[in-house]
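Colleague: Sharing a structure, written as structure tokens. Questions coming.
The values are calculated or read from the model by the stated rules, or taken from the named source; none is laboratory data. All values derive from a computational prediction rather than experimental measurement. Ideal geometry is used to build each Cβ from the backbone, glycine not excepted, and the neighbour counts take in all protein chains shown. Areas reflect the complete protein model, heavy atoms only, side chains present, ligands, DNA and RNA absent. Shrake-Rupley method; radii C 1.70, N 1.55, O 1.52, S 1.80 Å.
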Amino acid sequence: MSLTAQLYWTEYAWLNGIVEPGVVIATADTGHITTVRPGVAEPPVGAVTLRGLTLPGLANAHSHAFHRALRGAAQIGGGTFWTWRSGMYDLAGRLTPENYLALATAVYAEMAMAGVTCVGEFHYVHHNQDGTPYREPNAMGEALIAAAAAAGIRITLLDTCYLSSGFGQPVTAQQRRFSDGTAERWAERAAGLRPGTHARIGAAIHSVRAVPTDALGTVAGWAAERRAPLHLHLSEQPGENEDCQRAHGRTPARLLADHGVLGPSTTAVHATHLTDEDIELIGRSDTRVCVCPTTERDLADGIGPAARLRAAGSPLCLGSDSHAVIDLLEEARALELDERLRSRARGHFTAGQLMRAAAEHGHAALGWPEAGRIEPGWLADLTTVALDSVRTAGPPRELALEAAVFAATNADVRHTVVGGRHIVRDGEHQLVHEVPSRLHRAIRALRDGD
């Protein structure tokens, strides 16, 4: 993404688990870091100054961009995930390539302002409202790729196979635009998507209830042939587990394991309601797990066994999912704080472990293993968090990471650099101006049907 080499001077930077003062970071025109030099007391001539604590760029490993238009909706009245889903389907029915481009550009700009440098878009709204393909079969996916470029961040488009409304059930009228009819037709359409310098293509199984067992291998094989990441929703709701037991006599995790879907290239999203055997299967296979705490609590889904999954061998990453908020720092600390609520004990995850989940592990899950560290040869993705706000002022430099992870919010992100390119400067997006107004207009147009 970077067009020219650049030199940055960070007041503080988190390097290899240590907060270092006065760090010079040089980038190449390829967007990679060439030099990292700590202990430089003043900014060199020509360097861009980043005041605060500079972290590796954050990875939002699970997004449904159009859900951003539902923010606040779950706060009216009661209900469950399933009642929320009916409103989500209504919104999905209003999407077009044009209004989705406008909305996603604003949403991805909001992510950049929150320090996100790469997003994993779990994309399943593929076709016209009546289920017929667009003239350009991937018009909706291409709109999302274009939106990420406009907002200056990277994207892994996780093109999602969605074939049934439940075990043995056809898709409903509201779900027709999600479905390609068969896994083979899904694979043919998805093969038409093209990666770019800022975009990579992955695959997704929406869930075991939405993809029949005889189609699981097609999707997994498509991803394996391309060495692409494979993501899937797993055990988000107890109802999914109960239905799977009735249909197949086993849990969703066991079903996926029996069909060869689990493994180090696979990321299970949510993984909230698991048995002991499920945790062992997922951990032993090195399957990654993406936890989305703000959505899981917003929809009353429950608290997943994140600490046990990590102990079993699963690398953890984070996503903002339905975008109740877009704040990866909040998602990170929620791993620890939710575990405290469950166990009534502290100290399950260190700040460093949480930051690796928010950065390095998230990028790896999205197929960008060269991002997520501030080291020579890695992509020059940087997120700078203010240390002088009312939330972060006070702690000594040695505790700057703890202050950022456990007290800072997205409002404290001052700078975001993507591939050496300064996308957010002093809290202002450099490519998408007046982001709140853009969000307001895009959401109002979508909800009003304009």
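Colleague: Which condition number in (1) out of contact with any Leu (no Cβ under 6 Å at 6 or more places or on another chain); (2) in contact (Cβ under 8 Å) with a residue 60 or more places away in the chain; (3) surrounded by 17 or more Cβ atoms within 10 Å (Cβ to Cβ); (4) of a type in the set (D, E, K, R) is the one that Glu142 fails?
Modeller: Glu142 satisfies all of (1) out of contact with any Leu (no Cβ under 6 Å at 6 or more places or on another chain); (2) in contact (Cβ under 8 Å) with a residue 60 or more places away in the chain; (3) surrounded by 17 or more Cβ atoms within 10 Å (Cβ to Cβ); (4) of a type in the set (D, E, K, R) except (2).
Colleague: Still on this structure: Quick check on the range 357-387: of everything there that is part of a loop (DSSP other than H, G, I, E, B) and of a type in the set (Gly, Ala, Ser), which residue is farthest from Asn410 (Cα to Cα)?
Modeller: The selected residue is Gly377.
Colleague: Let me ask something additional. Could you tell me how many of the residues in the range 420-438 are surrounded by fewer than 24 Cβ atoms within 10 Å (Cβ to Cβ) and in a loop (DSSP other than H, G, I, E, B)?
Modeller: Within the range 420-438, residues that are surrounded by fewer than 24 Cβ atoms within 10 Å (Cβ to Cβ) and in a loop (DSSP other than H, G, I, E, B) number 7.
Colleague: Would you be able to tell me the number of residues in the range 341-356 that are within 18 Å of Ala403 (Cα to Cα) and either part of a loop (DSSP other than H, G, I, E, B) or of a type outside the set (S, T, N, Q) (or both)?
Modeller: Total meeting the criteria: 10.
Colleague: Looking only at residues that are part of a helix (DSSP H, G or I) and in contact (Cβ under 8 Å) with a residue 40 or more places away in the chain in the range 149-174, which one is most open to solvent (accessible area, probe 1.4 Å)?
Modeller: In this case the residue turns out to be Gln174.
Colleague: Any residue that is over 24 Å from the mean Cα position of the chain (by Cα) and assigned to a helix (DSSP H, G or I) - is there at least one of those in the range 278-285?
Modeller: Yes, that holds for at least one residue.
Colleague: Turning to a different aspect of this structure: Just one of the numbered conditions (1) closer than 21 Å to Arg284 by Cβ; (2) out of contact with any helix residue (DSSP H, G or I) (no Cβ under 6 Å at 6 or more places or on another chain); (3) not hydroxyl-bearing (Ser, Thr, Tyr) is not true of Ala307; which one?
Modeller: Every listed condition holds for Ala307 apart from (2).
Colleague: Looking at the range 294-318, which of the residues that are surrounded by fewer than 23 Cβ atoms within 10 Å (Cβ to Cβ) and β-branched (Val, Ile, Thr) is farthest from Gly362 (Cα to Cα)?
Modeller: Within the range 294-318, the match that is farthest from Gly362 (Cα to Cα) is Ile303.
Colleague: Mind listing whichever residues of the range 1-30 are crowded, with 18+ Cβ neighbours inside 10 Å and over 15 Å from Glu375 (Cβ atoms)?
Modeller: Met1, Ser2, Gln6, Trp9, Glu11, Tyr12, Val19
Colleague: Going by the conditions given, is Ala146 in contact with a helix residue (DSSP H, G or I) (Cβ under 7 Å, 6 or more places away or on another chain), in a helix (DSSP H, G or I) and either modelled with pLDDT of 95 or more or closer than 30 Å to Val417 by Cβ (or both)?
Modeller: yes
Colleague: Quick one: which strands (runs of 3 or more DSSP E) sit completely within the range 31-122 and have at least 1 residues that are over 19 Å from Gln174 (Cα atoms) and open to solvent by 10 Å² or more (accessible area, probe 1.4 Å)?
Modeller: Output list reads 33-37, 48-56.
Listed here are the residues, each with its yes/no results for (1) among the basic types (Lys, Arg); (2) within 30 Å of Ala408 (Cβ to Cβ); (3) in contact with a helix residue (DSSP H, G or I) (Cβ under 6 Å, 6 or more places away or on another chain); (4) modelled with pLDDT under 95.
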residue	(1), (2), (3), (4)
His233	no, yes, no, no
Cys244	no, no, yes, no
Asp276	no, no, no, no
Cys292	no, yes, no, no
Ser320	no, yes, no, no
Leu328	no, yes, yes, no
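Colleague: Filter the range 355-369 down to the residues that are of a type outside the set (Gly, Ala, Ser), over 22 Å from Thr294 (Cβ atoms) and in contact (Cβ under 8 Å) with a residue 12 or more places away in the chain and list them by number.
Modeller: Hit for the range 355-369 is Trp368, nothing else.
Colleague: Go through the range 319-340 and count every residue that is over 12 Å from the mean Cα position of the chain (by Cα), open to solvent by less than 10 Å² (accessible area, probe 1.4 Å) and more than 13 Å from Phe406 (Cα to Cα).
Modeller: Residues in the range 319-340 being over 12 Å from the mean Cα position of the chain (by Cα), open to solvent by less than 10 Å² (accessible area, probe 1.4 Å) and more than 13 Å from Phe406 (Cα to Cα): 0 in total.
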